[in-house]
Amino acid sequence: MPAGVLALQGDFEAHILTLRRLGIDAVPVRTAGELAAVDALVLPGGESTTMLKLAGEEGLLEPLRGTIADGRPVLATCAGVVLLAREVEPRQRSLGLLDVAVLRNAYGRQIASAVVPLRVAPALGEPPAMEGVFIRAPRITRTGAGVEVLAWRDEDPVLVRQGTILAATFHPELTDDLRVHRLFAASL
């Protein structure tokens, strides 16, 4: 079965293209039936409140929660991390499946978007740094005991892993560095 990319809003096409570059069959997911037909899922960046609204309208919130809670591999980026976070500030609804707290839009408004050097853990391989594209990105302010940090922006965790969930507050799909997607693909 293919990997699915939630395609309600946001930069889902870039993830589909990145996964296909790695030889992975990637398809858009817009319905519960399409969700049931994939082995893994990407929750892309975009606007988290809009994605929550659209997922609710499509009857996808509970199927998403169940699919992820059951251990299907997930890659969440930027707003996708907000969708998964246990705690979100300013307060908003989330799926609450990733034991982190996030502060939405913490790195600034759209005009403050930036490409920033990141320090990476050995699990990502060499080199020990990568570029992170931050666009209205959330900041992880707390990680739970079962959350492994895999990359940092200064001292802030920006790539974390909890079980089968891999979560990046930046946009790895917007660079030529495929290490985050390869790490996700290794769980397929």
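The values are calculated or read from the model by the stated rules, or taken from the named source; none is laboratory data. Keep in mind that what you see is a predicted model, and the values were worked out from it rather than measured. Methodologically, a virtual Cβ is constructed for each residue, glycine included, from the backbone with ideal geometry; neighbour enumeration extends over all protein chains shown.
Overview of values
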| quantity | calculated |
| --- | --- |
| Scan of the stretch 150-170 for residues that are β-branched (Val, Ile, Thr) and under 13 Å from Pro138 (Cβ atoms), ordered by number | Val158, Val160, Thr169 |
| Test: residue in the stretch 19-37 that is under 23 Å from Leu188 (Cβ atoms), touching a residue at least 60 places away in the same chain (Cβ under 8 Å), in contact with an Asp or Glu (Cβ under 9 Å, 6 or more places away or on another chain) and not basic (Lys, Arg) | yes |
| Counted residues, the stretch 114-139 - those being closer than 16 Å to Asp156 by Cβ and either modelled with pLDDT under 90 or assigned to a helix (DSSP H, G or I) (or both) | 0 |
| Answer residue from the stretch 38-47, given it is in contact (Cβ under 8 Å) with a residue 40 or more places away in the chain and under 21 Å from Val82 (Cβ atoms) and is farthest from the chain's Cα centre (by Cα) among those | Ala40 |
| Subset of the stretch 5-16 that is part of a helix (DSSP H, G or I) and touching a helix residue (DSSP H, G or I) at 6+ places or on another chain (Cβ under 8 Å) - its residue that is surrounded by the most Cβ atoms within 10 Å (Cβ to Cβ) | His15 |
| Close pairs from the stretch 95-124: first over 12 Å from Ile135 (Cβ atoms), partner among the aromatic types (Phe, Trp, Tyr), Cβ under 9 Å, at least 6 apart | Leu118/Trp152; Leu118/Phe170; Arg119/Trp152; Val120/Trp152; Ala121/Trp152 |
| Boolean, Val82 is of a type in the set (A, V, I, L, M) and under 21 Å from Arg136 (Cβ atoms) | yes |
